[in-house]
1. Taking the Cβ-Cβ separation of residue 148 and residue 30 as r and a Förster radius of 41 Å, what is the calculated FRET efficiency to the nearest 0.05?
2. Fewest Cβ neighbours within 10 Å first, please rank 48, 75 accordingly.
3. What is the packing order of peptides 52-64, 9-21, taking the mean over residues of other C-beta atoms within 10 Å and listing the highest first?
Amino acid sequence: MAKLFSQRKGQSAIEYLTTYGWMLLVIAIVGGAIFTTVQNSSQIQSTSGLANADVQIENFGVAGDSLQVELRAASSDQVENVKVNLSQQNAPSGASQEVTTSIDSSNNVTIPVGQTATMEFDEIENSENTNTFDVEITYDTGGLEGLTADGTLTGRMAHNSTTS
């Protein structure tokens with residue numbers, strides 16, 4: 001009888017481990033799927049190097065087929081003749097592909113103190129990867145001309161695709 005009792009005890013332990021083992025495996029798979037979905041849907045966007053400039057990047061993102069950058073005048077005077085140059089650091093083919101875009105040179109952009117203006121860049125290539133761009137903003141303010149602010153812009157530049 002003691003032998004029969006020890007066999008049932010061993011069988012009970014194996015059933016216990018098997019049941020909880022399967023449960024832990026299912027939780028790990030579901031957790032991994034949720035993490036992957038959240039990680040892929042989030043867009044890491046950041047700017048650096050422009051914190052103390054008279055013109056700052058307030059926000060940016062892809063809308064439709066263009067990159068939109070929202071600039072804020074952070075000086076005590078309005079900012080005039082604003083032009084933005086984006087140079088791509090991570091060219092897809094490894095070459096030094098450069099994307100240079102500025103607002104139409106015939107129109108001078110003026111941003112009043114504390115206000116924002118949005119610029120659109122159509123030459124940005126669609127990419128599911130995170131891209132890093134060097135940003136050079138040229139502007140005039142407070143009687144000074146040809147001022148520049150340099151920094152970086154990092155984010156995923158994926159165009160929204162719509163089907164009809």
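Every read-out reported here was derived from the displayed coordinates using simple, explicitly stated rules and does not represent laboratory data. Keep in mind that what you see is a predicted model, and the values were worked out from it rather than measured. Heads up, the Cβs are rebuilt from the backbone with ideal geometry, glycines too, and the neighbour counts pull from every protein chain shown.
1. Efficiency at R0 = 41 Å is approximately 0.20.
2. 48, 75
3. My ranking of the peptides, most packed first, is 52-64, 9-21.
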